Amino acid sequence: MKELIAQDIMKADVLSIHADWTLEELADFLNEHSITGGPVVDDAGTLVGVVSTTDIVRNSTFAFKNVQGKKTTDYFRDDIDPAYFNQLIPSLAAQKGQDVTVRDIMTPMTFNVSRDMRIQQVADAMIRGRIHRVLVTDDDKLLGIITTMDLLDILRNQ
């Protein structure tokens, strides 16, 4: 395992999310592909950020924070039974009629690693950044993605 580098474990088939999608389109996309987030691109295909279910929750939390009067937290538990995934994501999206897009809720920054970075360094970057995915790039070109699930898969198979 010490010899593995990012290129060895990354998924090269990266599903991109478009910045101008509505939250409903985003929720449908995440649900359809059973993923919790991904890189965001603009109309020209340029990488402009990253978005996840946490961003959807954060956006929805802001909308309902004052209405419900409950204390909100800065975390989201993602140990949800997959049977509920189809019901959860659409319910977290903003209410219909709002003109909220992915660009409005995304994180306009990405965590990138090089293809030859050792996986221990990749894991360190993810832990320090408290993130669930990093993008593998070379000269600003997106080559792949590594998620916490990819790292867990490697650990399990050792």
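Numbers for the structure displayed
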item	result
Residue pairs meeting the criteria (Cβ under 6 Å; at least 6 apart or on separate chains; first of a type in the set (S, T, N, Q), in the range 39-52; second part of a loop (DSSP other than H, G, I, E, B))	Ser52/Thr36
Matching option when the condition is more than 19 Å from the chain's Cα centre (by Cα), modelled with pLDDT of 90 or more and either within 27 Å of Asp153 (Cβ to Cβ) or surrounded by fewer than 17 Cβ atoms within 10 Å (Cβ to Cβ) (or both), among Ile9, Ile5, Ile35, Ile17	Ile5
Count of residues meeting criterion [within 18 Å of Ile131 (Cβ to Cβ), in a helix (DSSP H, G or I) and among the polar types (S, T, N, Q)] in the range 1-52	0
Which listed residue is closer than 22 Å to Ala44 by Cβ, hydroxyl-bearing (Ser, Thr, Tyr) and assigned to a loop (DSSP other than H, G, I, E, B), from Thr110, Thr137	Thr110
Residues that are under 28 Å from Glu24 (Cβ atoms), modelled with pLDDT of 90 or more and acidic (Asp, Glu), drawn from the range 95-144	Asp104
Qualifying residues in the range 23-32 (those that are surrounded by fewer than 18 Cβ atoms within 10 Å (Cβ to Cβ) and either closer than 21 Å to Asp150 by Cβ or of a type outside the set (Asp, Glu) (or both)) - the one farthest from the chain's Cα centre (by Cα)	Glu32
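The values are calculated or read from the model by the stated rules, or taken from the named source; none is laboratory data. Treat the numbers as computed from the prediction; the structure is a model and nothing was measured. Cβ coordinates were reconstructed from backbone atoms using ideal geometry, including for glycine residues, and neighbour counts include every protein chain displayed.
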